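Engineer: Okay, here's the structure, questions in a sec.
Values quoted throughout were computed directly from the atomic coordinates according to the rules given, and no laboratory measurement underlies them. Every value quoted in this text rests on a predicted model; they were computed, and no experiment measured them. Heads up, the Cβs are rebuilt from the backbone with ideal geometry, glycines too, and the neighbour counts pull from every protein chain shown.
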Amino acid sequence: MQTRNPVLAGYEVRFQSLFHEGRALSFPCDPRGHVDMDALTPQARGNYLFARAMVGREYAAPAVLACPVH
């Protein structure tokens, strides 16, 4: 029996909370971690800018993760 590898749908940049395990903000990005801010909703754009500004205070440095299709 052959197992299927998950197909990668894209990437996300993830900002993990420093104080609340399991809480994070994530946004679609390219393999290098660049986010197309014009493609984000106004609320998501605000959250992205907030997360970037709060790295080291509220959020850990961002990590780029591959996203499998479910």
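Engineer: Taking the stated definitions as given, is Ala24 out of contact with any Leu (no Cβ under 8 Å at 6 or more places or on another chain), in contact (Cβ under 8 Å) with a residue 40 or more places away in the chain and not β-branched (Val, Ile, Thr)?
Structural biologist: Details: out of contact with any Leu (no Cβ under 8 Å at 6 or more places or on another chain): yes; in contact (Cβ under 8 Å) with a residue 40 or more places away in the chain: no; not β-branched (Val, Ile, Thr): yes.
When the stated conditions are applied, Ala24 does not pass them.
Engineer: Search segment 20-60 for residues being surrounded by 11 or more Cβ atoms within 10 Å (Cβ to Cβ) and acidic (Asp, Glu), and hand back the single one that is farthest from Gly10 (Cα to Cα). Step through it out loud before you land on a result.
Structural biologist: Our first condition is that a residue be surrounded by 11 or more Cβ atoms within 10 Å (Cβ to Cβ); within segment 20-60, this holds for 23-30, 33-35, 37, 40, 44-55, 58-60.
Filter once more, keeping what is acidic (Asp, Glu): 30, 58.
Details: Asp30: 7, Glu58: 26 Å.
It comes out as Glu58.
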